[in-house]
Amino acid sequence: MLSPAILTAAVVNGLLTGAVYALIALGLTLVYGVLHIINFAHGALLTAAMFAAYFAYRVLGIDPYFAVLLLAPAFFGIGYALQRFVIGPASHGDDRNMLLVTLGLAVVIENALLFAFRADTRTINLPYALNGIDLGFAFLPLPRLIGFVTVFVVTLALWLMMSATDTGRAIRAVAKEKLGAELAGIDVAHIYAVTFGLGTACVAIAACLLIPSYYVNPNAGNAFVLVAFTIVVLGGMGSVLGALIGGLVIGVVESLSSLFLGESLGQIGIFLLFIAVLLVRPSGLFGARA
Amino acid sequence: MKEFGAVAIVIIAMAVVPLLAVSNVTLNFLIVALMIALAGQGWNVLGGYGGQYSFGHAAFFGTGAYVTAVLQARYGVNAWIAFGLGIAAGALIGAIVGGLTFRSGLRGSYFALVTLAFAEVLRILASVAPITGAGVGTLVKLDLRPASLQFQSRAEFYWMILALVAIALFVTQLIERSRFGVWLVAVRENEDAAAALGVNAMAVKLIAMIISGAITAAAGCFYVQYFLFIDSGLAYGTWMSIEALLTPIIGGVGTVFGPLLGALVVRALGQGAQLIAGGEAPGLDLVIYGCILVLIIWFAPRGLMGGLSRLRNRLLFSASAAEARHG
C-alpha cells in the first residue's frame, strides 16, 4: 500500500521540519538549563518573531533569510530586556513567580497580536519557494533545506560560544552553581538576561526559517512550542544535544504518524508521548537525574 | 468561629443584592464573576495552600461541564444527578492527574507543564470525539424548571452560584483551620522538611488536588446549566486555566476570600476595557489580565487581601502610636 518512496519522503520531510523544532527547543532548553524555569512565553515570542519576519518581507521587502541577521540581534535585545527589567525584578527570585510572570507575558504578547492583527492567517510567497533539489527518492524544497543547514550552523556557533568564550563559561558556571558563581564575581542577573536573550534569539531565527513555508496568525507559535516542550522533555531539560536529537526524532515521528493517522490524531500522539515521558522518565533520555 | 462568621456575613450581604432592583446586566455580570470565583477557589486549594501551581485547571472545568451536558443531552439523566456526577468526574480527573504526576515526583515547572498538557489533550479529544458532539459542541434542552436545575429568573441562578461559592468558602475555611490545612501549607513552604517531620506529602497533595478538581468542576457544571451549551474551546480553552489562577493570585493566594475578591476585580476590569475599546476588541481583556498578573506579582505578591491587611495594620499601628503619644 505505501511505497518505500513515500515513506522515505516522509522521513526526509520529518528531518527537515525536525531541525526547526530542534532550534525552538534549543532556546527553551538553554533557558531551563540556566534559570531552572520553563519559559511559558517562548511560544508567544516565536509568534511575535514570525510577525516581524512577515512584515519585514511584506513592508520592507527584506528576504526572510537575510532578516535573520536583523531579527536575531533585535530579539536578543528584547529577551535580554524582558528578563533584566521585567521577569527578574517582578519575580523576587521565586521560581513559582517566574513561571507566572512568563505565563502573564505570553498572554499579553499573544493577545496584543490578536488585538492588532485579528485572527487572520497570513502567508508570504518567495519567488524561489518552489525550487529545490530532486534526490530521485525525495524532493528537498529549497527553503526547508536552507533551514536545515542554518539550524546546524546556529547550534555549532552556540556550542562554540558556550565552550570557548568568557560569557559561555560564565553561563555554565551560573547554571551549575549560582551562589558560587556570584561569589566569584559573576553578575548573575546579567547572565540570566544574556541566557534569556539567547533563547529568544533562537526563536527569532526559527521564525525566519519557518515563515517561507508556514503561515502566521496570533496562535501560530503555540503549535511549535508544544512540540518543543515535548522535545525538551524527551531530550532532557537543559541538554543541548538532547534538544537536537529529540527535535529530529519528533519531526520524523510527527511526519510518519500524520501519514498513518491523519493530522489531528498525530498531534495527540505527540502529547501522549510527552506525558508518558514526563511520567516515566522526567529527566529525559539524555538528561541527568534531577 | 470568628472566621466562619465572616464568611456568613459576606454571603448574606451578597445574597441581598438581587432584591435591590439591580438590572439584569449587573446580575449577569455578578453570576459570571461568581462562577470564575468558584473555579479560582478550586485552584486556590491546590495552588494557594498547597503551592502546586496548575496551568491547566480547564481540565477540571471542562470535564465537569461536559459530563453535566452530555449526561443530560444524550442519556436523559436528571440535571441534579448530572450536576453531582460532573463534580465527581472533576474529582476523579484530579485523582488521576494528581496520582500520576505526584507519584513521579513532578514539581514546579514540570507540574505546570503536565497540567497544561492534560488540558490540551482533553481539548483535542473533545474536539474530535463523537460523544462530545466533536466540533459542533453539545446543547442542553431548555426546560425552565427547578427539577431540571434551570430557573426563570437571573436572581435564582445568582443564588444558586452564590450557594456553591458559599460551600466552597466554608470548605476552604475548614481546610485552613484543620490539621490537613497545616500539612498542606507545610508542603508548600518546604516539601522535604514537611516529609522529614512525618507529613505524607504525596497523600496531602493528592487530596488537595481532588478537592480542587471537584470545586473547579462545579464551576463547569454551573456554566452548562446557565448557558446550556458547551464546546471544546469553551470547556478546555486556555482562558479558563488563566482565569482560575488569576483570580486567587490577584485577590491573595492562600486566603479564604482571595478568589472571590479577585474575580470581581478581574471581571470588572475586563468589562471596563471592552467598554472603553467600544464593541469588538478581541484579546484586549486578556492583554489586561496578563498585565495585571505581572504587576500583582511584581508589586503586591500577596494580592489585594495582603494589601488590605497591611493597610489595616498600618492604621491600627498609627492609632495606637497616637494613643501612646497622647496618653
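The values are calculated or read from the model by the stated rules, or taken from the named source; none is laboratory data. Here the structure is a predicted model, which is why all the values come from computation and not from measurement. Cβ coordinates were reconstructed from backbone atoms using ideal geometry, including for glycine residues, and neighbour counts include every protein chain displayed.
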Of the residues in region B:100-121, those that are more than 10 Å from chain A (Cβ to nearest Cβ) and either surrounded by fewer than 19 Cβ atoms within 10 Å (Cβ to Cβ) or within 16 Å of A:Leu272 (Cα to Cα) (or both) number 2
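Quick grid of which residues meet (1) free of Cβ contacts under 8 Å to residues at least 60 places away in the same chain; (2) within 30 Å of A:Met161 (Cα to Cα); (3) hydroxyl-bearing (Ser, Thr, Tyr); (4) within 14 Å of chain B (Cβ to nearest Cβ):
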residue: A:Val188; (1), (2), (3), (4): yes, yes, no, no
residue: A:Asn217; (1), (2), (3), (4): no, no, no, yes
residue: A:Thr230; (1), (2), (3), (4): yes, yes, yes, yes
residue: A:Met237; (1), (2), (3), (4): no, yes, no, yes
residue: A:Leu241; (1), (2), (3), (4): yes, yes, no, no
residue: A:Leu248; (1), (2), (3), (4): no, yes, no, no
residue: A:Val252; (1), (2), (3), (4): no, yes, no, no
Looking only at region B:40-79, how many residues end up being surrounded by fewer than 24 Cβ atoms within 10 Å (Cβ to Cβ) and of a type in the set (S, T, N, Q)? 1
Look at region B:154-178 and say how many of its residues are outside any helix (DSSP H, G or I) and either touching a residue at least 12 places away in the same chain (Cβ under 8 Å) or buried (at least 19 other Cβ atoms within 10 Å of the Cβ) (or both). 0
Taking the conditions exactly as written (farther than 17 Å from B:Ala219 by Cα and out of contact with any Ser or Thr (no Cβ under 8 Å at 6 or more places or on another chain)), does B:Val10 satisfy them or not? yes
Given the options A:Val153, A:Val203, name the one that is at pLDDT 90 or above, surrounded by 15 or more Cβ atoms within 10 Å (Cβ to Cβ) and of a type outside the set (Phe, Trp, Tyr). A:Val203
Among residues of region B:271-327, those that are assigned to a helix (DSSP H, G or I), surrounded by 15 or more Cβ atoms within 10 Å (Cβ to Cβ), modelled with pLDDT of 80 or more and of a type in the set (A, V, I, L, M), counted: 12
Can we say B:Ile250 is within 13 Å of chain A (Cβ to nearest Cβ) and in contact (Cβ under 8 Å) with a residue 12 or more places away in the chain? yes
Only one of these is of a type in the set (A, V, I, L, M) and farther than 29 Å from B:Thr247 by Cα: A:Ala116, A:Ala157. Name it. A:Ala157
Which residue pairs have Cβ atoms closer than 9 Å, lie 6 or more positions apart in sequence or on different chains, and pair a first residue in region A:108-135 that is touching a residue at least 60 places away in the same chain (Cβ under 8 Å) and at the interface with another protein chain (Cβ under 9 Å from one of its Cβ atoms) with a second residue that is crowded, with 16+ Cβ neighbours inside 10 Å and of a type in the set (Asp, Glu)? A:Asn111/B:Asp285
Among the residues of region B:30-38, are any touching an Asp or Glu at 6+ places or on another chain (Cβ under 7 Å) and under 20 Å from B:Val224 (Cβ atoms)? yes
Odd one out for A:Ser258 among (1) touching a Ser or Thr at 6+ places or on another chain (Cβ under 8 Å); (2) assigned to a helix (DSSP H, G or I); (3) within 14 Å of chain B (Cβ to nearest Cβ): (1)
Here is a check on your reading of the model: is B:Ala208 over 30 Å from B:Asp192 (Cβ atoms), surrounded by 24 or more Cβ atoms within 10 Å (Cβ to Cβ) and in contact with a Leu (Cβ under 9 Å, 6 or more places away or on another chain)? no
Among the residues that make up region B:297-306, is at least one of them away from chain A (no Cβ under 14 Å), touching a helix residue (DSSP H, G or I) at 6+ places or on another chain (Cβ under 9 Å), under 29 Å from B:Leu142 (Cα atoms) and not hydroxyl-bearing (Ser, Thr, Tyr)? no
Just wondering, is there one or more residues in region A:83-94 that are crowded, with 21+ Cβ neighbours inside 10 Å, part of a helix (DSSP H, G or I), under 23 Å from the mean Cα position of the chain (by Cα) and more than 10 Å from chain B (Cβ to nearest Cβ)? yes
Being assigned to a helix (DSSP H, G or I), away from chain B (no Cβ under 14 Å), touching a residue at least 40 places away in the same chain (Cβ under 8 Å) and farther than 30 Å from B:Phe299 by Cα: is that true of A:Leu145 here? yes
Filter region B:233-259 down to residues that are assigned to a helix (DSSP H, G or I) and buried (at least 24 other Cβ atoms within 10 Å of the Cβ), then give me how many there are. 15
Output for Cβ contacts, cut-off 9 Å, separation at least six or different chains, first residue more than 7 Å from chain A (Cβ to nearest Cβ) in region B:275-295, second surrounded by fewer than 18 Cβ atoms within 10 Å (Cβ to Cβ) and among the aromatic types (Phe, Trp, Tyr), reads B:Ala277/A:Phe115
Does at least one position in region A:96-113 carry a residue that is part of a helix (DSSP H, G or I), touching a His at 6+ places or on another chain (Cβ under 8 Å) and farther than 21 Å from A:Ala204 by Cα? no
Residue that is within 14 Å of chain B (Cβ to nearest Cβ), surrounded by 17 or more Cβ atoms within 10 Å (Cβ to Cβ) and either basic (Lys, Arg) or out of contact with any Gly (no Cβ under 8 Å at 6 or more places or on another chain) (or both), where the choices are A:Leu71, A:Leu35, A:Leu99: A:Leu35
Residue, surrounded by the fewest Cβ atoms within 10 Å (Cβ to Cβ), within region B:122-138, restricted to residues that are more than 19 Å from A:Thr230 (Cβ to Cβ) and at the interface with another protein chain (Cβ under 8 Å from one of its Cβ atoms): B:Val128
Any residue in region B:302-327 that's on the phi > 0 side of the Ramachandran plot: show its pairings with residues that are surrounded by 10 or more Cβ atoms within 10 Å (Cβ to Cβ) and modelled with pLDDT of 75 or more at Cβ separation under 6 Å, as long as the two are six or more apart or on different chains. B:Gly303/B:Ile250; B:Gly303/B:Gly251; B:Gly303/B:Gly252; B:Gly303/B:Gly258
Taking the stated definitions as given, is A:Leu244 at pLDDT 85 or above and either among the charged types (D, E, K, R) or over 18 Å from A:Thr29 (Cα atoms) (or both)? no
Which of the residues belonging to region A:1-31 are surrounded by fewer than 23 Cβ atoms within 10 Å (Cβ to Cβ) and among the hydroxyl-bearing types (Ser, Thr, Tyr)? A:Ser3, A:Thr8
